[in-house]
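Student: Quick one: this structure, given as structure tokens, is what I'll be asking you about.
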Amino acid sequence: MNDPKPNDPQAPSPARAEREAVIEVRDLVMRFGQQTVLSGLDLSVHRGETLVVMGGSGCGKSTLLRLMIGAIAPTQGRITMLGQDIAKADEATLDGLRRRFGILFQSAALYQSMSIAENVALPMRELTDLPPDLIDIQVKMKLEAVGLREHADKFPAQISGGMKKRAGLARALALDPEIIFYDEPSAGLDPVTSAEIDQLILTLTRKLGVSSVVVTHEMDSAFTIADRMVMLDKGRCLKIAPRDEYERIRRTSADEAATLSEDDRIVRQFIRGDAQGPITDRRTLTSYADDLMGLLAPLPASPSITPTR
């Protein structure tokens, strides 16, 4: 594998590991009833880096994102953002933290009755004391940063999916955040538009120096934008490492893969998108015939939801 070139803008900085941690997750456990969604998770997000969180459906990516932004409280463990323990913070402290990060939702989550400019202006009007003329200038600057200034007066229904994502990103930037969370930024986009979003994320990260947490299962996007990558599987962290380490595993041949650890073989199958491997093998551990004949655990006799009347 070739080493990153010194002038490669996507290459991780040698001092990355020494950077300040803006988010620290320690011994994180999240349960919903009897189901454990996250189990003993440990990771950090460094200032100015892009951390990509990936994994299959149901692995806990979205739950981790919701925990990081304070939308839900963990069952156990600690999440520290910008020096504040989210789980112990009161509502006023959480409100202060929320003004220091932005979120690009998977669906962009734009208000359909507002123009693109009005959507971007909303956080400034609601959460700051800026005069209207200064807000207008700020909106134009945010829209210019994502290439949408000429579409400011259009409504969400009048623009494409990629433009909606860019408009959502402009709104996420409205309060000049220190951290940006991206929930599947490339989902539902064609390859060209997806690549444009990736380059926009890279450009904004370099120019603004923000820390980015990107939840995605799009591997082309992940390997383009990541400084470090985290692979989740069944609620646990299989691997957290620089992008180059994941690239090394992705390029491992089938013969060499036999020498990898079980976790690395799971990582390899996922990032390569192979049809066969440890992920698919474990789906066939139970016998279909035994299940049909009732030899496995039977379905509950009572409904999962009990009528109240």
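What follows is calculated from the coordinates using simple rules that are stated; it is not laboratory data. Since the model is a prediction, treat every value here as computed from it, not as a measurement. Reconstructed Cβ throughout: ideal geometry from the backbone, glycine too, with neighbour counts over all protein chains shown.
Student: Residues in segment 141-164 near a label at Ser113, defined as backbone nitrogen under 16 Å from the 7 Å Cα→Cβ point?
Tutor: Only 155-157 pass the distance filter.
Student: Now for a different question. Just to confirm a number: summing +1 for Lys and Arg and -1 for Asp and Glu over residues other than Leu38 whose beta-carbon lies under 9 angstrom from that of Leu38, what do you get?
Tutor: The answer is +2.
Student: Viscosity 0.692 mPa s, temperature 37 °C: give me the Stokes-Einstein translational D for segment 147-188 in µm²/s, with Rh taken as the Kirkwood radius over C-alpha pairs.
Tutor: Using the Kirkwood radius from Cα pairs, D works out to 290 µm²/s.
Student: Ranking Lys165, Lys61, Lys142, Lys88 by Cβ neighbours within 10 Å, fewest first, what do you get? Please report the intermediate quantities before stating the final value.
Tutor: On the way: Lys165 30, Lys61 21, Lys142 24, Lys88 11.
Least to most surrounded, the residues fall as Lys88, Lys61, Lys142, Lys165.
Student: Starting from the 7 Å offset along Cα-to-Cβ, what nm value, one decimal, do you get for the label separation of Arg282 and Asp136?
Tutor: My value for the distance between the label points is 5.8 nm.
Student: Cut-off is 10 Å between beta-carbons; in what order do Ser39, Ser194 appear when sorted fewest neighbours first?
Tutor: By the 10 Å Cβ count, ascending: Ser39, Ser194.
Student: Please list the radius of gyration and Dmax for segment 115-223, considering alpha-carbon atoms only, with Å as the unit.
Tutor: Both quantities, over Cα of segment 115-223: 13.8, 43 Å.
Student: Here's something else I'd like to know. Computed over the Cα atoms of the chain, what is the convex hull's projected area averaged over all directions, in nm²?
Tutor: Taking a quarter of the hull surface, the average projection is 21.5 nm².
Student: Would you count, across the chain, every pair of lysines whose alpha carbons are under 26 angstrom apart, provided the pair is eight or more residues apart or spans two chains?
Tutor: Step by step, the pairs that qualify in the chain add up to 19.
Student: Sticking with this structure for a sec: Count the net charge of all other residues whose Cβ sits under 12 Å from the Cβ of Arg100, scoring Lys and Arg as +1 and Asp and Glu as -1.
Tutor: Net local charge, Arg100 excluded: -1.
Student: How would Ser186, Ser115 line up from fewest to most surrounding beta-carbon atoms within 10 angstrom? Please list the in-between numbers first.
Tutor: Values: Ser186 27, Ser115 18.
Sorted ascending by nearby Cβ count, the order is Ser115, Ser186.
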